[in-house]
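Trainee: A single structure is presented below for examination.
The values are calculated or read from the model by the stated rules, or taken from the named source; none is laboratory data. Keep in mind it's a predicted model, so treat the numbers as computed, not measured. Cβ coordinates were reconstructed from backbone atoms using ideal geometry, including for glycine residues, and neighbour counts include every protein chain displayed. What goes into the accessible areas is simple: the full protein's heavy atoms, side chains included, and nothing from ligands, DNA or RNA. Shrake-Rupley method; radii C 1.70, N 1.55, O 1.52, S 1.80 Å.
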Amino acid sequence: MCADSVGVSDTACIACGAVHWRVRHRIREYTIAQCMCCGLARTCGADFDFTEFYGEDYFVGAVGEKGYNDYFALAGALTRTNRSRVRRLKRMLPTATSLLDVGCGPGFFLEQAKQGGLRTQGLEVSPFAAHYGREQLGLAIDCGAVDPQQLARFTEPFDLVTMWDVIEHLPEPQTAIAQLAGKLSPGGVLALSTGDVASLAARLCGRRWHLYNLPEHLWFFNERSLRLLLERAGLVVERVRREACWYTARYLLDRLMYSLGRPPLKLARMGLFERLNFPVTLGDIVTIHARKPARVAVPACPAPVSAGITNYELQVTN
Ligand SMILES: [Zn+2]
C-alpha cells in the first residue's frame with residue numbers, strides 16, 4: 001500500500017528528511033504511515049482540539065479508547081517509577097538544581113523530583129491536570145503547550161528537562177525538542193520515554209499493539225528516529241534503555257482488554273487490583289537521556305608577541 005491516500009506521500013520525515021512512506025496499519029478511521037528510511041511512524045487523520053481533549057475525562061472515567069480509567073489510582077505505581085527516574089537523573093548530573101517536566105500531568109513526577117531536592121517547574125497542556133498539581137500538590141505548573149511564547153516565560157535555563165510518554169502526543173515533536181534544547185543549561189540533560197514501534201512486542205501485536213492509542217498518539221518512534229531528532233537539536237545521546245515501569249493490576253487488565261478490542265472489565269473487587277503494583281516491561285518503551293554539550297572553553301588569547309619577541313630576536317641577532 002502506498003501513502004498517497006492519506007496525504008503524507010510528499011511530506012518530509014521529521015527525523016531523517018526522507019519522503020518515502022508506506023501504510024503500516026489502518027486502525028478505525030486512522031492510518032498509521034511509516035517512513036521507509038528511518039522507521040518513524042505517524043498517525044494520519046487525527047484532528048482534534050488538544051485543550052478540550054485532555055480534560056478531566058481524559059484522566060478519570062475515560063470511555064472507549066480515550067485516556068485513563070483512573071489516572072490517580074496509578075499514583076502509587078508511578079511514584080516507584082518516578083523515584084528511580086529522579087535517582088538516575090541525579091547520577092547523570094550530580095550538580096543539577098533545576099528541572100522542567102514537560103507534559104507533567106497532575107505532577108506526580110515533579111513531586112518526586114522536588115522531594116529529591118530539585119527546584120521544579122511543570123508545563124502541562126491540560127487545564128484540569130495543571131490545576132490539580134498546583135492546588136493539591138502545591139507545585140509550580142504552567143498551563144500551556146510547548147511553544148516559544150510559553151517557554152520564554154521561563155527566564156532561567158534548566159539543568160534537567162524531562163518528557164515522560166509525551167513526545168508521541170505533540171503535533172510538532174521536532175520543533176519542541178529544538179526549543180527545549182534551547183532551554184537546557186550547557187551540560188544539561190534531556191530525558192524522555194516513548195513507545196518503540198520497532199520493538200518485538202509492537203511487531204508481534206501488529207495493529208493491536210497497546211500503544212496505538214488513537215487519536216492522541218500522533219507519532220511512533222524507534223531508537224533510530226529518536227536519535228536523529230535529538231542529534232538534529234544539537235544533543236548527544238548518552239544512554240538508551242528499555243526500562244521496567246510500575247503499573248497497577250487494574251491498569252494492565254484495562255490495557256489487555258483494549259488490545260483485545262474489548263471494553264474494560266467491571267470486577268467486583270477492583271479495589272484489590274488497584275492496590276497490586278507490578279514492574280512490567282515488554283521491551284517496547286524506550287527511555288533516552290541526551291546531553292547538551294558544555295560550552296567549549298575558548299583558550300585565553302596569548303599575549304601579543306610581535307613587539308617583544310621581535311625586539312628579543314633583534315637583540316639576540318645583534
Ligand atoms: Zn524518516
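Trainee: Beyond 20 Å, what share of the Cα-Cα pairs of the stretch 171-266 remains, rounded to the nearest whole percent? Display every interim value, and only then the final one.
Mentor: Values: 2261 of 4560 pairs.
Of the Cα pairs, 50 percent sit more than 20 Å apart.
Trainee: Something else: Could you derive backbone 3J(HN,Hα) for the stretch 181-198 from the dihedral phi with the Karplus parameters 6.51, -1.76 and 1.60 (θ = phi - 60°), listing whole Hz in sequence and x where the residue is Gly or Pro?
Mentor: 4, x, 8, 7, 5, x, x, x, 10, 9, 10, 8, 10, 6, x, 10, 5, 8
Trainee: For SER199, tell me the accessible area in Å² from a 1.4 Å probe, rounded to the nearest 10.
Mentor: Answer for SER199: close to 10 Å² accessible.
Trainee: Show me the ranking of peptides 86-95, 26-35, 278-287 by mean Cβ neighbours inside 10 Å, starting with the highest. The partial results should precede the final answer.
Mentor: Working: 86-95: 14.5, 26-35: 19.1, 278-287: 16.5.
For the peptides 86-95, 26-35, 278-287, the packing ranking is 26-35, 278-287, 86-95.
Trainee: Can you give the accessible area per residue of the stretch 72-160, in Å², using a 1.4 Å probe?
Mentor: Working: 3880 Å² over 89 residues.
Averaged over the residues of the stretch 72-160, the accessible area is 44 Å².
Trainee: Inverting the mean 1/r over all pairs of different Cα atoms, compute the Kirkwood radius of the stretch 184-237 and quote it in Å. Present the calculation step by step, with values, prior to reporting the outcome.
Mentor: Numbers: mean 1/r = 0.0782 Å⁻¹.
Radius from the Kirkwood sum: 12.8 Å.
Trainee: Return P(r) of the stretch 37-132 (all Cα-Cα pairs; 5 Å bins starting at 0; whole %; ordered from short to long distances).
Mentor: Taking every Cα pair in the stretch 37-132, the percentages come to 2, 12, 18, 19, 16, 14, 12, 6, 1.
Trainee: How large a share of the accessible area of the stretch 137-265, in percent, is made up of carbon and sulfur atoms when the probe is 1.4 Å and the other protein chains stay in place? Could the numbers behind the result be given before it?
Mentor: On the way: 2850 of 5310 Å².
Ligands and nucleic acids excluded, carbon and sulfur reach 54 percent.
Trainee: Ok, one more. Which whole-angstrom value gives the distance between the alpha carbon centres of the stretch 150-207 and the stretch 28-60?
Mentor: 16
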